[in-house]
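The values are calculated or read from the model by the stated rules, or taken from the named source; none is laboratory data. Remember, predicted model here, so these are calculated numbers, not experimental data. A quick note on method: Cβ atoms are made from the backbone with ideal geometry, for glycine too, and the neighbour counts reach across all protein chains shown.
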Amino acid sequence: MLSLHKTRLKFAMPDAAETPRSADDAVARGRSRRVGLSAKLLMLTVSFVMVSEILIFVPSIANFRNNWLGDKLRTAGVAAAVLAESDVISPSLQTRLLHATGSDAIALNDGPTRRLIAMGAMPPMVDDVVNMSAMDASTAILEAFDTLMNGAHRTIRIVGEAEMGMSGSIEIVMSEAPLRTAMLGFSVRILGLSLVISIITASLVYISLRWLFVRPLQRLSANMADFGEMPEDASRVISPSGRTDEIGEAEERLATMQATLGQTLHQQRRLADLGLAVSKINHDLRNLLASAQLFLERLETSSDPLAARLAPKIVSTLDRAVGYTRAVLAYGRAQEAPPARRLVHLARIVDDVGQVLGLVEHETIAWENQVSGEMEIYADPEQIFRVLMNICRNSVQALQGEGDPAVVKRLWVAAEREETVVTIRVADTGPGVPPAARANLFRAFQSSVRPGGTGLGLAIAAELVRAHGGEIALEDVGPGACFRIILPERSSELTRSRSVPNGGRKTEPEALNSSDESAVVLRQG
């Protein structure tokens with residue numbers, strides 16, 4: 001954790017050289033966005049309404065043509081019904097009738113007979129026949145567009161059923177140009193009406209969608225840009241509008257994410273400051289410990305039996321403390337050093353932990369080293385010592401917090417080998433780990449369950465175990481807490497290390513000086 005003072009928090013503290021470039025890129029992207037969401041929405045709405053109007057226009061123009069032709073047939077049919085009984089129709093009456101229907105000739109078909117009701121000058125050649133009795137929807141649409149495209153100079157004959165109680169059919173011969181002119185006028189009116197409807201509909205839809213979607217999205221975008229400038233400012237966290245739809249849910253999720261990110265960045269900044277302070281303190285502490293080492297080395301030559309017996313242990317403890325201070329400074333610069341693996345007796349490491357913590361002759365806590373004296377592991381002894389030291393210290397603190405003398409206070413360490421895996425268990429009879437603390441149990445500054453604790457012990461232990469290629473977990477066995485450490489083996493190294501006779505075994509065998517960064521545990525023979 002102490003390396004955080006050297007961590008560059010680019011999100012909260014961007015480099016000075018990067019900030020202008022990012023700002024310029026953002027401005028350039030904003031300028032390149034010519035058409036915004038609102039404009040796209042408006043264009044799409046107008047386009048969809050116009051497509052709808054076109055789909056409506058197709059049957060409308062066909063229906064207009066049928067109605068126009070039907071009116072001409074009805075007018076001619078009424079005249080034919082009135083004049084059917086007359087043997088002779090005057091030319092003037094025929095002219096008025098032809099003018100009223102806009103036709104060149106009118107005829108009545110009654111069964112086998114056909115009677116010419118009115119006719120002007122010799123009518124032109126008929127180009128097409130329109131049978132209104134056999135007209136269906138598809139035919140009407142096709143013929144309507146045919147009239148618009150080709151009806152300017154054609155003559156058509158219209159055939160329809162006679163009315164007014166007459167049998168047979170009515171036929172009209174006329175130019176198609178007036179029909180085409182009327183259809184074009186109808187199309188222009190439909191187009192104008194469609195434009196008006198499109199504008200009104202598009203405006204209403206645009207205003208509604210802009211109010212419901214575009215403005216909230218613009219608010220989200222503006223808030224994210226504002227929050228990105230200073231994520232640690234809690235006042236820049238978005239305030240949800242209280243909507244119950246998806247946008248409201250997005251606002252709530254964004255607010256939660258921003259609050260969490262702000263807290264994380266604030267914590268990272270505090271950890272960076274803490275790391276810098278600890279590095280300074282650690283530097284001075286290392287000098288003090290070095291001085292204490294010099295004084296204690298003189299006690300080793302003392303004639304006092306008690307001093308001679310305790311001095312080596314105190315010197316060994318100070319050596320470890322000095323090593324820890326060096327490791328702290330190294331950790332502030334990078335990560336934990338790779339494990340320096342050796343073949344070691346696990347029971348002796350556990351004994352050292354008990355002596356350093358004062359558990360061998362403790363008044364209230366029963367200490368048990370249940371590790372077999374023959375148990376050997378291939379690991380970094382200092383790092384394994386730190387792992388067990390941190391876990392056992394937490395257990396001691398938990399047991400000392402029990403004020404009732406009737407409560408059993410026991411702490412023990414056990415180990416077993418199963419095929420290629422060594423499992424170490426550190427257990428106590430304390431109050432255990434609260435459920436609320438288990439989620440962040442191995443995270444620095446978040447795993448402490450004791451008031452005033454930092455939560456670094458278990459985080460360091462977990463990191464060292466992972467460096468050995470193993471894993472650490474809390475077993476839910478109760479009562480108390482039981483930590484399980486699993487270290488995998490590499491049997492090939494075990495065979496090589498055990499080939500050296502006991503009497504001639506080196507303290508640091510050359511065969512075991514591996515540069516592999518994955519830690520292993522060796523099989524016991």
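A compact table of results
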read-out: Of the criteria (1) part of a loop (DSSP other than H, G, I, E, B); (2) of a type in the set (Ser, Thr, Tyr); (3) surrounded by 19 or more Cβ atoms within 10 Å (Cβ to Cβ), which one residue 395 fails; value: (1)
read-out: Some residue of the range 154-170 being farther than 16 Å from residue 106 by Cα and surrounded by 15 or more Cβ atoms within 10 Å (Cβ to Cβ); value: yes
read-out: Every pair of residues 6+ apart whose Cβ atoms lie under 8 Å, when the first sits in the range 461-481 and is among the β-branched types (Val, Ile, Thr) while the second is part of a loop (DSSP other than H, G, I, E, B) and buried (at least 18 other Cβ atoms within 10 Å of the Cβ); value: 472/442
read-out: Given (1) part of a helix (DSSP H, G or I); (2) crowded, with 17+ Cβ neighbours inside 10 Å, number of the condition residue 424 does not satisfy; value: (1)
read-out: Strands (runs of 3 or more DSSP E) wholly inside the range 105-171 that include at least 1 residues being under 17 Å from residue 67 (Cβ atoms) and among the acidic types (Asp, Glu); value: 155-161
read-out: Of the criteria (1) in contact (Cβ under 8 Å) with a residue 12 or more places away in the chain; (2) within 19 Å of residue 317 (Cβ to Cβ), which one residue 398 fails; value: (2)
read-out: Neighbours by Cβ (under 8 Å, 6+ apart or cross-chain): first from the range 247-274, under 14 Å from residue 227 (Cα atoms); second surrounded by 13 or more Cβ atoms within 10 Å (Cβ to Cβ) and β-branched (Val, Ile, Thr); value: 251/238; 254/238; 255/237; 255/238; 258/237; 258/238; 259/237; 262/237
read-out: Criterion (modelled with pLDDT under 85 and assigned by TED's automatic domain parsing to the domain that holds residue 55) met by exactly one of 169, 175; value: 169
read-out: Number of the exception - residue 174 against (1) over 15 Å from residue 69 (Cβ atoms); (2) of a type outside the set (Gly, Ala, Ser); (3) touching a Gly at 6+ places or on another chain (Cβ under 7 Å); value: (1)
read-out: Subset of the range 72-104 [in a loop (DSSP other than H, G, I, E, B) and modelled with pLDDT under 80]; value: 84, 85, 86, 87, 88, 89, 90
